[in-house]
Structure formats: structure tokens, C-alpha cells
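Q: Before I ask anything, here is the structure I am working with.
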Amino acid sequence: MFYSFKGFVPVVHPSSYVHPQACVTGNVIIGKNCYIGPGAALRGDWGGIILEDGCNVQENCTIHMFPGVTVLLKEGAHIGHGAIIHGAQIGRNCLVGMNAVIMDNVDLGDGSIVGGLSFVKQGKKIPERSLVVGNPARIIGEVNDEMLEWKTKGTSLYQALPAEMHAHSQPCEPLSVIPNDRPPQEKLYETWQSLKGNDS
């Protein structure tokens, strides 16, 4: 659902996909090959929201701000399910984990990874390629080349997803039984733990 607000109409590049059950309001600009999942709320009522190319904002995320602030997600920013971004700047190729909260005036440096359920307090300046976890969040290390490559591969799946959604997604009625010819799905990606041989 799209809503104008006080003359501001959202702008979405045609290559991006915004799920019909997401809500995008007002001064929101969405670049190329972005994915916005169902239940996401991008509220550009009191300030602006800019998503550069290749960002994804997954299911049930919220992006908002105090009046007069512009939230910026730089190219390739990856916002996990249920996360909240409030008045922050998210750097290029960052990963914000599921249900994390990034507060006002946070500047998350390029290539950083924020763990799920982390709380990054207002005003924090996080250097590039930082590994950030906890409540309150703290820097526990650096994102090495291998981790950044893993993150980038995961984001590339979301960058391809908009075109796939445009081509293959449509409303339907559910089946009542599982068909015998239902195919298996391809395994495209693994968790960091499974790649490192540690699923615990």
C-alpha cells in the first residue's frame, strides 16, 4: 500500500518490488532492485527515507524518524526480519540482523554486521566493518573478508528477488492436499555457522 502525505508521493524504481502488504508513506525514495517484504512499514511522514540500489527491508521491519530527519540506507543494505531503523544511517553493504533496533543518529559504517536482537543506542558511530552484538550493542570484532563475502552473497539473493517476484508471484488459492509432483527447493545459501561447521 502506498500513501501520499502532505504532497510527498513515494518514488519506487520499476525494478524494485514492494509487497502489497507493505506500507510506504510520504517522502520515501526506493532505488533499483530493492525488495520490501510484507508487513514492512516505511513512514516518510515527518522526514525522508532513501533506499539506495540493491537494499532489502524484510518482513515486519519499521523505518521511521524524528521530524526533519532523513534515514539513509546505502547501497546493498540488508535489513533482517522484524528490525527497526529509527533515524539512523545504514552504511553500504551492511547487515542488520533480525529484530535488531538501530536508534536515532546512529551511523553504521560500511560493511558492518549487527547481530539479531541487538540494540544500538542513539548517537553511536560504528566504524566500517564492525561486528556488533548485544543489548546494549558493543563492537566485538571486525568483519573479515570471508564474512563480508558471505553477507554479500546473501544480499545478492534479495537483489535478484524483485525480478523473480514480478515474474512469478501472483495471488492464489491454497491447495487442500500436497501434490505428488511437488518439487524440492534449491539450497541457495547456508548460515554462517553451518559454513564454519558449527551449528550450535
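The values are calculated or read from the model by the stated rules, or taken from the named source; none is laboratory data. As the structure is a prediction and not an experimental result, all values here were calculated from the model. Here Cβ is always computed from backbone atoms with ideal geometry, including for glycine, and neighbour counts include all displayed protein chains. We work out accessible area using only protein heavy atoms, side chains counted, and drop any ligands, DNA or RNA first. Shrake-Rupley method; radii C 1.70, N 1.55, O 1.52, S 1.80 Å.
Q: Of the DSSP beta bridges with both residues in the chain, give the percent that are antiparallel, rounding to the nearest 5.
A: Bridges in the chain that DSSP calls antiparallel: roughly 10 percent.
Q: Would you work out what percent of the accessible area of the chain, with all protein chains in place, is carbon or sulfur (probe 1.4 Å)?
A: Solvent-exposed carbon and sulfur of the chain make up 55 percent of the total.
Q: From the backbone phi of the range 30-40, what are the Karplus-calculated ³J(HN,Hα) couplings (6.51 cos²θ - 1.76 cosθ + 1.60, θ = phi - 60°) in whole Hz, Gly and Pro given as x?
A: Per residue, the Karplus-derived 3J(HN,Hα) values read 10, x, 7, 6, 9, 10, 10, x, x, x, 6 Hz.
Q: To continue, here is another question. Show me 77-83, 67-73 ranked by packing, highest mean number of other Cβ atoms within 10 Å first.
A: Result, highest mean first: 77-83, 67-73.
Q: If you work out Cα extents along the principal axes in Å from the coordinates, which of (1) 55, 51, 25; (2) 69, 30, 27; (3) 77, 61, 44 do you get?
A: (1)
Q: Now for a different question. When N is the residue count of the range 66-179, what does its C-alpha Rg come to as a fraction of 2.2 N^0.38 Å?
A: Its radius of gyration relative to the 2.2 N^0.38 Å reference: 1.24.
Q: Sticking with this structure for a sec: On the first, second and third principal axes, largest extent first, how far apart are the outermost C-alpha atoms of the range 149-194 in Å?
A: For the range 149-194, the Cα spread along each principal axis is 40, 27, 13 Å.
Q: Ranked from highest to lowest mean number of other Cβ atoms within 10 Å per residue, what is the order of the peptides 177-187, 120-130? Spell out each step's value before the answer.
A: Working: 177-187: 6.0, 120-130: 16.9.
Per-residue mean Cβ counts within 10 Å order the peptides as 120-130, 177-187.
Q: Sticking with this structure for a sec: Quick check: residue separation of V177 and T152 times 0.36 nm, minus the Cα distance between them. What number comes out in nm?
A: Gain in length upon complete extension: 5.2 nm.
Q: Okay, helix-only estimate at 222 nm for the chain: each DSSP H run of n ≥ 4 adds -39500 (n - 2.57), divide by all residues, round to 500 deg cm²/dmol; what do you get?
A: -4500 deg cm²/dmol, from helical runs alone.
Q: On to the next question. Under 22 Å from the Cα of K32, which lysines turn up, not counting those fewer than eight places away in the same chain?
A: Leaving aside lysines fewer than 8 places away in the same chain, those within reach of K32 are K74, K151, K153.
Q: Oh, and also: Can you work out the accessible area per residue across the range 147-187, with the rest of the protein chains kept in place, probe 1.4 Å, in square angstrom?
A: About 89 Å² of surface per residue is accessible.
Q: A further question follows. Order 37-46, 85-94 from most to least packed using the mean count of other Cβ atoms within 10 Å.
A: 85-94, 37-46
Q: Same structure again: With the Cα gyration tensor of the range 1-53 giving a ≥ b ≥ c as the square roots of its eigenvalues, does the rule (a/c under 1.5 for rounded; else a/b larger than b/c for prolate; else oblate) give rounded, prolate or oblate? Kindly include the intermediate steps, with their values, before the conclusion.
A: On the way: a/c = 1.86, a/b = 1.30, b/c = 1.43.
The shape class here is oblate.
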